[in-house]
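Engineer: Structure incoming, see below.
Laboratory data are not the source of any read-out in this text; all were calculated from the coordinates shown. Computed from a predicted model, the values in this text were never measured in an experiment. Neighbour counts run over all protein chains shown; Cβ positions are idealised from the backbone, glycine included.
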Amino acid sequence: MTGPGPFSLREVAAMTGFSLRSIQEGCRAGTIEHNPKGLGTERVHRVMTAEQVRKLQEARARGVTVAPPEQRAAPQQNVSALDEARARTRAGLARRVPRRRVA
């Protein structure tokens, strides 16, 4: 390792041999221990300490690969029509991206 840290995910990918994408997905899924940096901002950066990188390298040496996020559970059968409508509305709103105004 090059120093005491914290290390960006790009640096961790270079040190461990995992791809950057697999580390990002593992952090999002919660299968890789990391520290979020910049909470409360629109964009959250992730960093890892030297100890977290060491654990990830040991996992790689054991042959463990970064697990993909688990499949979501099937929806419950006893969901009311109102709950289904709310879920569709939330999904639709989540897809929308706020537009920037050009001055």
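Engineer: Once you order the gyration tensor axes a ≥ b ≥ c over the Cα atoms, which shape class does the range 7-61 get: rounded for a/c under 1.5, otherwise prolate or oblate by comparing a/b with b/c?
Structural biologist: prolate
Engineer: Oh, and also: Between Glu25 and Leu93, what FRET efficiency follows from the Cβ-Cβ distance if R0 is 25 Å, with the result rounded to 0.05?
Structural biologist: 0.55
Engineer: Go through the range 49-59 residue by residue and turn each phi into a ³J(HN,Hα) via Karplus (6.51, -1.76, 1.60, θ = phi - 60°); whole Hz please, and just put x for glycine and proline.
Structural biologist: Whole-Hz 3J(HN,Hα) from phi for the range 49-59: 7, 4, 5, 5, 5, 4, 4, 5, 5, 5, 5.
Engineer: Which order, highest average first, do 79-88, 7-16, 53-62 follow once you tally other Cβ atoms within 10 Å for each residue and take the mean per peptide?
Structural biologist: Answer by packing, highest mean first, reads 7-16, 53-62, 79-88.
Engineer: Here's something else I'd like to know. Tell me the net charge near Val53. Cut-off is 14 Å between Cβ atoms, Val53 excluded, with +1 for each Lys or Arg and -1 for each Asp or Glu.
Structural biologist: Here the charged neighbours net out to +1.
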